[in-house]
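The values are calculated or read from the model by the stated rules, or taken from the named source; none is laboratory data. Bear in mind the structure is a predicted one, so any value in this text is a computation, not a measurement. Note that we place each Cβ from the backbone using ideal geometry, even for glycine, and neighbour counts take in every protein chain shown. Quick note on the areas: whole protein, heavy atoms, side chains included, nothing else; ligands and nucleic acids left out. Shrake-Rupley method; radii C 1.70, N 1.55, O 1.52, S 1.80 Å.
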Amino acid sequence: MALTDCCSQPGLRPYLDAKTEMLNRLDPVVDTNIIPLEQALNTILADAVTSPIDVPSFANSAMDGYALRAEDVQDGVGLQLVGTSLAGHPFGGKVKAGECVRIMTGAALPLGADTVVMQENCHSEHNVVTPRGPVTAGQHVRHPAEDLAQGERVFEAGARVNARMLSVLSSLGLEQLSVYRPLRVALLSTGDELRAPGELLAPGDIYDSNRIGVQAMLGRLGMEVLDYGIIPDDPALIRQAFLKAAIEADAIITSGGVSVGDADYTKQVLEEVGHIGFWKLAIKPGKPFAFGHVGDCAFFGLPGNPVSAAVTFHLLVRPALARLAGERLAPTLTLQARALMPFKKAPGRMDFQRAFARVLPDGGLGVVSAGSQSSAVFSAMAEANCLLHLEQDRGNVAEGETVTLELIDGLYW
């Protein structure tokens, strides 16, 4: 008779169903702040941004060269150099027939000129400039509003401000932005065996790596972290922490205590002081993930195993926090790759295996395992640059089969 292991029980909630249900139960924070542009990195726009000006606001040169009238260009015919236009110091006159102006990149196109010829295609001697080669009217000229027009929608509400966006916002002359206030997230670990890094380990003790890792991820996401530290396996202390966090925070994230062990009290206390939306998912790693509320405060119970905690944070907590923060999170971008080795997979749960993808000589994408797939071994997680998304009903993957992956290098974790 076949045995069912503890992680493959029937009746587990499918991943996408659980994620959809969770997001539908979360209401975004609506509090906003007006902040200086210099402080806006990693914040969430509360209002759409429209351009108050044309960008560029004047015709300017895309090259170092000479501004002239295209109709004056004839083979071997020189043009009289009558001045210079520099960035911030435009030429004050008008270019007339048979004339040209020395112009630098970004400098205003002089009145009368309609074209720029790059300096490499001109011969200049004794204030006479002779263009060489074909010249097209309007070449190397950046026209007003070529990038953005006044009144044009630039960014939508819910966009997370990054460095590229800041450059655009700066080009619009904006001094401040309306953004949603940062989420306040209470973070704690539970377990008598946990010790902070730097402390001595007694027999059976381990270092609390999950809280440090999750705190780092929350910081990269611009969240305000309320660090409650390590809470012993004591229902009264856990209950006290939950009730305090429900007053102080928008969300609670715990690590550990959501399994079925004799000292796993997180789920029990959550049932007493709040309610559970779901518990136990058809995913690997991360089956014992809990979602619920304590009052109006969202609750996310991460598994204790380090890989399970990191993966469920990425798959479930990250999109949930985005919903709470008012962020419009883009759908996950996945790619197809060729398995360069076999991958073990049992049907029954969606499996997110840690892997390493690389470009193959034929231009395709290949993928190998990053190491041990044990949910307690984080070293392979640190080496991985992608997660394989192996479907719930799929079995073992043979070498050469096509798999779906999500790149994780360069993300917040």
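Computed over protein heavy atoms with a 1.4 Å probe, the accessible surface of region 211-330 works out to 34 Å² per residue. Binning the C-alpha pair distances of region 113-176 at 5 Å intervals from 0 yields a P(r) profile of 3, 12, 16, 15, 9, 9, 10, 11, 8, 4, 1, 0 %, listed from the shortest bin outward. The calculated Kirkwood hydrodynamic radius for region 254-359 is 15.5 Å, given to one decimal from all distinct C-alpha pairs.
Shown here are the Rg and Dmax of the Cα trace of region 142-263, at 21.8, 72 Å.
Take T402: with every protein chain present and a 1.4 Å probe, its accessible area is about 80 Å².
Can you order the peptides 306-316, 348-358, 377-387 by their average number of other Cβ atoms within 10 Å per residue, highest first? Don't skip to the answer; put the middle values down first.
Numbers: 306-316: 24.5, 348-358: 21.9, 377-387: 18.0.
Ranked from most to least packed, the peptides come out as 306-316, 348-358, 377-387.
Over all alpha-carbon pairs in region 24-66, figure out the percentage whose distance exceeds 13 Å. Display every interim value, and only then the final one.
Numbers: 674 of 903 pairs.
Tail fraction, whole percent: 75.
Taking only alpha carbon atoms, region 335-392 gives an Rg to Rh ratio of 0.97, where Rh is the Kirkwood radius. Once divided by 2.2 N^0.38 Å, the Cα radius of gyration of the chain becomes 1.38. Listed values for region 363-379 are Karplus-derived 3J(HN,Hα) couplings in whole Hz (6.51 cos²θ - 1.76 cosθ + 1.60, θ = phi - 60°), namely x, x, 10, x, 9, 10, 5, 7, x, 4, 9, 5, 6, 9, 10, 8, 4, and x replaces Gly and Pro. A protection proxy built from the mean count of other Cβ atoms within 10 Å ranks the segments 280-287, 238-245, 332-339, 294-301, most packed first, as 280-287, 294-301, 238-245, 332-339. Element breakdown for the chain at a 1.4 angstrom probe: carbon and sulfur atoms account for 53% of the accessible area. In the chain, helical runs assigned H by DSSP with n ≥ 4 each contribute -39500 (n - 2.57); averaged across all residues and rounded to the nearest 500, the mean residue ellipticity at 222 nm is -5000 deg cm²/dmol. Sequentially through region 383-391, phi angles give Karplus couplings (6.51, -1.76, 1.60; θ = phi - 60°) of 7, 6, 10, 7, 10, 7, 9, 9, 4 Hz, Gly and Pro residues having no value and appearing as x. Between D27 and E272, the simple label model (points 7 Å from Cα in the Cβ direction) yields a spacing of 2.8 nm. Looking at region 199-302, the pairs of alpha carbons with a distance over 16 Å make up 60% of the total.
Between S379 and D296, 0.36 nm times their residue separation minus their Cα-Cα distance comes to what? Before the final figure, lay out each step's value.
Numbers: separation 83, 0.36 × 83 = 29.88 nm, distance 3.66 nm.
Additional length available on full extension: 26.2 nm.
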